[in-house]
């Protein structure tokens, strides 16, 4: 764990001593803010530390001033910061165990150096306890923070759909943008893919200084894991509040392995354990070869995002593989709580079919296929899943993906408004997220009436000569090819950057 320490003029004298306490516990001490000064204002020191937390570069902080009060007031103005003053060890550990405090403030004019060291030690050794009442109260605190800035995204969240960001780039971590999205726009998770990282790493200079080594794939995973573990730390509260059913980030295994189940299993396992975050997921394309890898990774306790699903048949295949892995864990006496989502792609259906049907059906096939998958999810994880649920298993969540509109004539929030569903997720590209926050609306929560309408829409496409099943297979194959292309482009771009950096 990385722990930031900062102080004003009254607190700086204690900082070296407390840094030693941090390091004695096996953590890394990060000194931020002013180093010396007869008059160091506490808000300046508090901001320096809180920005490190907001960027995900540190996981906890210790702020020092005369009484602890000023630092507490300043720190709690920043998104995601939960700061409290403690002048005894009981408060220091309980504020973490019960309240998930991530910043300790100490008054150096109130307590001596030795008690301060003991209090810091109690704070750093404590972990949030997964007790229902503590999760409930922490969730209420988060709701207070979210409701300071009410947007249409609040209504989507209240409908029961988790809002994830389908985007990652280092600058949204460094400048606190992701922290603000979590605080103000109800974002509780994040997804990535080779195309996103290709644009981020090879299309900017944000990563140049961090590139080390000559193997492009190894360099990529180093860079991606640094970003995603920082994002996972920012989203850890959502993971804790949901008892491990939200608050995740996802990293894809190499798309070149889509037909190689065993290597997918080994790479996915290695990446998951290397990240060392309970809320990181490994993305596995849901191709026909995928069930073996999905089942085995779930059995190994690896959180899985099954991606590139387009229709109900592909979705059911992914859900069955998840359930098979959970059954094996229960039979082996292992904890069945392994988190998984099944990502159904929406907008890619509509571009190739828009000109093939009556205008009343155009741009509705993706939504209809997503709704059918929702019905299948409710069926699979309903009564049929009851025996596993009674043993502690959780449902695999349905995730709506590819939800930006490709046709400029369509509402830019179409695939968000039309697919609100309880106990589900929508992962949203950044421009679409901001658009929905500005002018989105929830058109209702998916249910039986929507299922019936989806059947009618799909029947209309089939009557017009569209082979929906064959198109789903084609879209999945094209999607897998697109990820391979982006992967190869990214590795080539990294290779070129390595050469450029070495030459300079």
Go through (1) buried (at least 21 other Cβ atoms within 10 Å of the Cβ); (2) more than 27 Å from residue 447 (Cβ to Cβ) one by one and return the number of the condition residue 312 breaks. (2)
Residue 143 being in the same structural domain as residue 15 (by TED's automatic domain parsing), surrounded by fewer than 22 Cβ atoms within 10 Å (Cβ to Cβ) and either in contact with a strand residue (DSSP E or B) (Cβ under 8 Å, 6 or more places away or on another chain) or more than 24 Å from residue 70 (Cα to Cα) (or both): no
Unmet requirement for residue 386, which otherwise passes all of (1) under 24 Å from residue 471 (Cβ atoms); (2) part of a helix (DSSP H, G or I); (3) free of Cβ contacts under 8 Å to residues at least 24 places away in the same chain: (1)
Residue in segment 238-251 that is surrounded by the most Cβ atoms within 10 Å (Cβ to Cβ), counting only those that are in contact with a helix residue (DSSP H, G or I) (Cβ under 7 Å, 6 or more places away or on another chain) and assigned to a helix (DSSP H, G or I): 241
Matching residues in segment 397-450 - criterion: being in a helix (DSSP H, G or I) and loosely packed, with under 15 Cβ neighbours inside 10 Å: 431, 438, 439, 448, 449
Can you find a residue in segment 9-19 that is in contact with a helix residue (DSSP H, G or I) (Cβ under 7 Å, 6 or more places away or on another chain), under 30 Å from residue 146 (Cβ atoms) and either surrounded by fewer than 22 Cβ atoms within 10 Å (Cβ to Cβ) or assigned by TED's automatic domain parsing to the domain that holds residue 146 (or both)? no
State whether the residues of segment 261-273 include one that is at pLDDT 95 or above, touching a helix residue (DSSP H, G or I) at 6+ places or on another chain (Cβ under 8 Å), in the same structural domain as residue 371 (by TED's automatic domain parsing) and not in a helix (DSSP H, G or I). no
Which listed residue, of 420, 441, 435, 464, is in the same structural domain as residue 338 (by TED's automatic domain parsing) and out of contact with any helix residue (DSSP H, G or I) (no Cβ under 9 Å at 6 or more places or on another chain): 464
Looking at 171, 166, which is the one that is assigned by TED's automatic domain parsing to the domain that holds residue 204 and surrounded by 14 or more Cβ atoms within 10 Å (Cβ to Cβ)? 166
Would you tally the residues in segment 319-362 being touching a residue at least 40 places away in the same chain (Cβ under 8 Å), within 18 Å of residue 470 (Cα to Cα) and over 22 Å from the mean Cα position of the chain (by Cα)? 9
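The rows are residues; the columns are (1) in contact with a helix residue (DSSP H, G or I) (Cβ under 6 Å, 6 or more places away or on another chain); (2) within 19 Å of residue 258 (Cβ to Cβ); (3) outside any loop (DSSP other than H, G, I, E, B).
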| position | (1), (2), (3) |
| --- | --- |
| 307 | no, yes, yes |
| 313 | no, yes, yes |
| 324 | yes, no, yes |
| 330 | no, no, yes |
| 354 | no, no, no |
| 360 | no, no, no |
| 367 | no, no, yes |
| 375 | yes, no, yes |
Which of the residues belonging to segment 338-352 are in a loop (DSSP other than H, G, I, E, B) and at pLDDT 95 or above? 338, 339, 346
Are any of the residues in segment 466-479 under 23 Å from the mean Cα position of the chain (by Cα) and at pLDDT below 95? yes
Name the pairs whose Cβ atoms lie under 8 Å apart, with the first residue in segment 252-280 and surrounded by fewer than 17 Cβ atoms within 10 Å (Cβ to Cβ), the second modelled with pLDDT under 95, and 6 or more positions between them or separate chains? 256/484; 256/487; 259/287; 259/289; 260/289; 263/257
Can you tell which of 71, 95 is assigned to a helix (DSSP H, G or I) and crowded, with 24+ Cβ neighbours inside 10 Å? 71
Of these, 26, 56, 33, 61, which one is surrounded by fewer than 19 Cβ atoms within 10 Å (Cβ to Cβ) and either in a loop (DSSP other than H, G, I, E, B) or touching a residue at least 40 places away in the same chain (Cβ under 8 Å) (or both)? 26
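The values are calculated or read from the model by the stated rules, or taken from the named source; none is laboratory data. The structure presented is a predicted model; accordingly, all values stated were derived computationally and were not measured. In this analysis, Cβ positions are derived from the backbone assuming ideal geometry, glycine residues included, and neighbour counts consider all displayed protein chains.
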